[in-house]
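Chemist: I am attaching a structure below and will ask some questions about it afterwards.
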Amino acid sequence: MNILEIIAKKRDNKILSKEEIDFFIKEYCSGNITDYQAAALIMAIYINGMNEEETTNLTMSMACSGEMLDLSVFGKNVVDKHSTGGVGDKITLILMPIIASLGIPVAKMSGRGLGFTGGTIDKLESIPGYNTSVEIEDFIENVKNIGISVIGQTMNLAPADKKIYALRDTISCTESIPLIASSIMSKKIAAGANKIILDVTCGSGAFMQNEEDAVKLSQTMNKIGKLSNRETICVITNMDEPLGYAVGNNIEVIEAIKALKGDMPQDVKEVVLELGAYMIKLAGLGENIEENKNKIMEKIQNNEAYQKFIQLVENQGGDISYVENVEKFPKAKYIIPVISSKEGYVEKLNARKVGEISGTLGAGRIRKEDTIDQSVGVMICKKISDKVEKGDILAYIYANDEELGNKASKDLESLYIMKNSVVKKPKMILEIIK
Ligand code: URA
């Protein structure tokens, strides 16, 4: 078997065998297949797709490429959460401390930004000192001690995904059902939870642009979940405009901290409550979804969720004085208002383009070795359905380069599509796929 034959087979739209997929994963991880050969195969998969069997084989091969965690010490229902990615998606930062404050163990491995989407790990690293690369033993110890740990992908768990994820980001191969499903499910399977909740984002700011594809992705991941004995629920959520107001890194962390103190944007709240309510159900702590939502609100109102976030940050070496006083986070040099030259009701605000604008300011990566700028991004003031008068401030650009900031401001203004008549607020929860 050799990699050239495997690339040629997928290039010609043929089906790869389990042995061929295992060969690729094993040899790529051990450095015997180069990045450019892997890139060619990934591109061929992106273009020609994979059937269900290939996708499952790819997932299992990636999951077994490193250690497989056993979290059974935490009980029989260990729940994990993952999002397929979005713009302004700070749900993990808010939801996981809430879940931990309810006594449900949280052992969460999160990702970095991919394409135009942001990543929880990049955001967490904007808290000085927060260590995202924790050894597995310490990761488990943290969960035992304080009920929560959120770390980046270690080289030990699903290392094949870590390599392929970074590669996909730099060769425009992010929006693919078999690649997303295998990436997410391999990590979740290796990370040891037996119940999985997936936030499958849908719309202009998601990899799945329409509900039909979001359902297909959900069904693929549910099937992999069943085959690997992990109960999986997918919640399809709206990502047609950025989630919340902040898009960037430290500005999203600040928004998440405020949310944990009770000041939560309505769209963020709907997603947090729905995902959280299903997590509580999967953990076996409540069958009634509406009652579970009340339990979540209680943990925010009594400050326990916020305290759990502080504990998490402290335990991972982060400087909690930044959490306690968000004014300490470094601010971008230029904060440029985006002024509306039109009036009406906001009808559309393409989330992907907002993510790309934030990326041009330095919030994302072009090459996998790029470092990101923690303080830049976009702070939205007007969202879909809001009424706008000429001269109103639509958003602020946070930039460290004035020229880039001014260009971003012009680009963002042109993204706002207005309508003369009233526009309804978008529905956030589109479907639940079990
Ligand atoms: N999140 C992942 O972990 N992988 C993807 O491919 C997309 C989102």
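Chemist: Between Cys381 and Glu135, what is the label-to-label distance in nm when each label sits 7 Å out along the Cα-to-Cβ direction?
Modeler: 5.1
Chemist: Please name which of Leu260, Tyr245, Ile151 has its Cα lying farthest along the dipole of segment 72-324 towards the positive end, using unit charges on Cβ (Lys, Arg +1; Asp, Glu -1) and the Cα centre as origin.
Modeler: The residue sitting farthest along the positive end of the dipole is Ile151.
Chemist: Could you work out how much longer the chain between Ile432 and Asn145 gets when fully extended? Use 0.36 nm per residue separation minus the Cα distance between them, nm to one decimal.
Modeler: Working: separation 287, 0.36 × 287 = 103.32 nm, distance 3.34 nm.
100.0 nm is the gain from fully extending Ile432 to Asn145.
Chemist: Here's a follow-up. Quickly work out the Asn325-to-Lys26 label distance, labels modelled 7 Å from Cα along the C-beta direction, and quote it in nm with one decimal.
Modeler: Placing both labels 7 Å along Cα→Cβ, they lie 5.7 nm apart.
Chemist: Just to confirm my numbers, what's the Cα centroid distance between segment 132-204 and segment 284-330 in Å?
Modeler: 22
Chemist: To continue, here is another question. Lys/Arg Cβ at +1, Asp/Glu Cβ at -1, dipole of the chain taken about the Cα centre: which of Asn131, Asn302, Val346 is farthest positive-ward?
Modeler: Val346
Chemist: For segment 3-49, what is the charge dipole size about the Cα centre, in debye to the nearest 20, if Lys and Arg each add +1 at the Cβ and Asp and Glu each add -1 at the Cβ? Spell out each step's value before the answer.
Modeler: Details: 6 positive and 7 negative charges, 32 e Å.
The calculated dipole for segment 3-49 is roughly 160 debye.
Chemist: List, in order, the whole-Hz ³J(HN,Hα) value for each residue of segment 348-362 obtained from phi through the Karplus relation with A = 6.51, B = -1.76, C = 1.60 and θ = phi - 60°; use x for Gly and Pro.
Modeler: 9, 8, 4, 5, 4, 5, 5, x, 5, 4, 4, x, 5, 7, x
Chemist: Further question: So what is the relative contact order of segment 332-419, in percent, for Cα pairs below 8 Å that sit 6 or more residues apart? Before the final figure, lay out the partial values.
Modeler: Working: 184 pairs, mean separation 42.9, N = 88.
Result for segment 332-419 is 49 percent.
Chemist: Please report the carbon-and-sulfur percent of the accessible area for the chain; probe 1.4 Å, protein heavy atoms only, DNA, RNA and ligands left out.
Modeler: 49
Chemist: Taking every DSSP beta bridge that has both residues in the chain, what percent is antiparallel when rounded to the nearest 5?
Modeler: Values: 23 of 43 bridges.
Percentage antiparallel, nearest 5: 55.
Chemist: Then there's this: Show me the GluC sites (Glu not before Pro) within segment 269-315 that DSSP assigns to loop and that have at most 16 other Cβ atoms within 10 Å of their Cβ. It would help to have the intermediate numbers written out before the result.
Modeler: Working: sites: Glu270, Glu274, Glu287, Glu290, Glu291, Glu298, Glu304, Glu314; in loops: Glu287.
Here the GluC sites (Glu not before Pro) that fit, given the DSSP loop and packing criteria, are Glu287.
Chemist: Mind checking the per residue accessible area of segment 332-419 for me, 1.4 Å probe, whole number of Å²? Walk me through the intermediate numbers first.
Modeler: Numbers: 4360 Å² over 88 residues.
Averaged over the residues of segment 332-419, the accessible area is 50 Å².
Chemist: Using +1 on the beta carbon of Lys and Arg, -1 on that of Asp and Glu, and nothing else charged, what's the dipole of the chain about the Cα centre, debye to 20?
Modeler: Working: 52 positive and 60 negative charges, 123 e Å.
So the magnitude is around 580 debye.
Chemist: Within segment 78-118, which residues have the backbone N less than 12 Å from the label spot 7 Å out from Gln307 along Cα→beta-carbon, could you tell me?
Modeler: 101-102
Chemist: Return the distance in nm (one decimal) between the two label points of a simple spin-label model at Leu71 and Glu5, each offset 7 Å from Cα along Cα→Cβ.
Modeler: 4.0
The values are calculated or read from the model by the stated rules, or taken from the named source; none is laboratory data. It should be emphasised that the depicted structure is a prediction, and the values quoted were computed from it without experimental measurement. Reconstructed Cβ throughout: ideal geometry from the backbone, glycine too, with neighbour counts over all protein chains shown. Ligands, DNA and RNA are excluded from the accessible area calculation, which covers all protein heavy atoms including side chains. Shrake-Rupley method; radii C 1.70, N 1.55, O 1.52, S 1.80 Å.
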